[in-house]
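The values are calculated or read from the model by the stated rules, or taken from the named source; none is laboratory data. Just so it is clear, the structure is predicted and the values come from calculations on it, not from any experiment. Cβ placement follows ideal geometry from the backbone for every residue including glycine, while neighbour counts extend to all protein chains displayed.
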Amino acid sequence: MTTTDAPPPTAVGTSRPPADRTGDRPPRRDSGIVDAFSHVFLVAWAVLTTFPLLWAVVSSFKTDEQILTDPWGLPSALRWSNWVRAWNAAHIGTYFVNSVIVVAGSLTLTMLLGSMAAYVLARYRFRGNRVAYFLFVGGMMFPVFLALVPLFFVVKNLGLLGTLPGLMLVYTAYSLPFTVFFLTAVFRALPNSISEAALVDGCGHFGLFFRVMLPMARAGLLSVAIFNFLSHWNQYVLPIVLMQGQGAEQRWVLAQGLTGLAITEGYRGDYGALFAGMTIAMLPVLLAYVAFHRQVQSGLTAGQLK
């Protein structure tokens, strides 16, 4: 009868030291070079991004002679007259107000309809749920250029061609796929215990959505609202196609107005007013990011599973 060698017994109350497993682990690579390269790349990207913006803002206070002879220098004085000419003579003020009206209306409709659709798709199970969800997702892959011609005739037949309400509805339709896709993940990540407790306490489905779920999804709602705001504010193709007809120039949005300003002031040589108009168009976007950049960063992870 053979016996196997067993390890010697240990005394009561003593423990065997853990085995040394450092040799099994791969050596840690020095990431100093990678970190240095990443920081240099990010700094270079930040400079390339911010320098044109700062140059446009500085040039909006210069005379035409200073812009042409000393494009990289600072203005000798702050000439607010460039901003006044752009706002009044070039009608940037009218285009700015039109853009605010269109973006405010389309953003309200997009967030209201998108959040309601996303909530139903995320929290309720019914026949056709996944089909409806993937139809919204498929809408994100449909380029707007393929729909310009039929979209033009649809809006024209509805009598909304060249009107601000028609532009609002089109903005809303093209923003809903991304909004539903983003917010569906946000509502899915919310705990079920809170909604069940609210229903037990007598809260209806309508009150559950507006009084409980929407406040809990505030970070995600704010993030997608900012993305939609940037998309609507910078939209150019849809206004060019849909703002047609007699007197449509008075209802142009800011992107169209800047194009007309670039052509008009380029022939006149009034580059100071042109840069002032560009700065006016950039200010709402910059202010929105500065005010809500923390909410955007926190909202990007709002739909992750916990």
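So which helices (runs of 4 or more DSSP H) stay within segment 161-239 end to end and still have 3 or more residues that are buried (at least 18 other Cβ atoms within 10 Å of the Cβ) and more than 16 Å from the chain's Cα centre (by Cα)?
Once the helices (runs of 4 or more DSSP H) in segment 161-239 are filtered for at least 3 residues that are buried (at least 18 other Cβ atoms within 10 Å of the Cβ) and more than 16 Å from the chain's Cα centre (by Cα), what remains is 164-188.
Report, ordered by the first and then the second residue, all pairs with beta carbons closer than 7 Å, sequence separation of six or more or different chains, a first member in segment 160-185 that is at positive phi, and a second member that is surrounded by fewer than 22 Cβ atoms within 10 Å (Cβ to Cβ) and assigned to a helix (DSSP H, G or I).
From segment 160-185, the pairs are Gly162/Ala248; Gly162/Arg251.
Considering each residue of segment 171-223, count those that are farther than 21 Å from Asn129 by Cβ and touching a Phe, Trp or Tyr at 6+ places or on another chain (Cβ under 7 Å), and give that number.
Summing the residues that are farther than 21 Å from Asn129 by Cβ and touching a Phe, Trp or Tyr at 6+ places or on another chain (Cβ under 7 Å) in segment 171-223 gives 1.
Does segment 130-147 include one or more residues that are out of contact with any His (no Cβ under 7 Å at 6 or more places or on another chain), closer than 18 Å to Pro284 by Cβ and surrounded by fewer than 17 Cβ atoms within 10 Å (Cβ to Cβ)?
No; the residues of segment 130-147 include none that is out of contact with any His (no Cβ under 7 Å at 6 or more places or on another chain), closer than 18 Å to Pro284 by Cβ and surrounded by fewer than 17 Cβ atoms within 10 Å (Cβ to Cβ).
Results for (1) surrounded by 10 or more Cβ atoms within 10 Å (Cβ to Cβ); (2) at pLDDT 85 or above; (3) part of a helix (DSSP H, G or I), shown as yes or no for each residue.
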residue	(1), (2), (3)
Phe37	yes, no, yes
Phe51	yes, yes, yes
Ala56	yes, yes, yes
Gly73	yes, yes, no
Ser76	yes, no, no
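Output the number of the condition that Val290 fails; it satisfies all remaining conditions of (1) part of a helix (DSSP H, G or I); (2) modelled with pLDDT under 85; (3) buried (at least 20 other Cβ atoms within 10 Å of the Cβ); (4) not polar (S, T, N, Q).
Going through the list (1) part of a helix (DSSP H, G or I); (2) modelled with pLDDT under 85; (3) buried (at least 20 other Cβ atoms within 10 Å of the Cβ); (4) not polar (S, T, N, Q), Val290 breaks only (3).
In this structure, is Arg268 basic (Lys, Arg) and modelled with pLDDT of 85 or more?
no
Give the residue, chosen from Met116, Met111, that is farther than 23 Å from Glu249 by Cα and either surrounded by 17 or more Cβ atoms within 10 Å (Cβ to Cβ) or in contact with a helix residue (DSSP H, G or I) (Cβ under 6 Å, 6 or more places away or on another chain) (or both).
Met111
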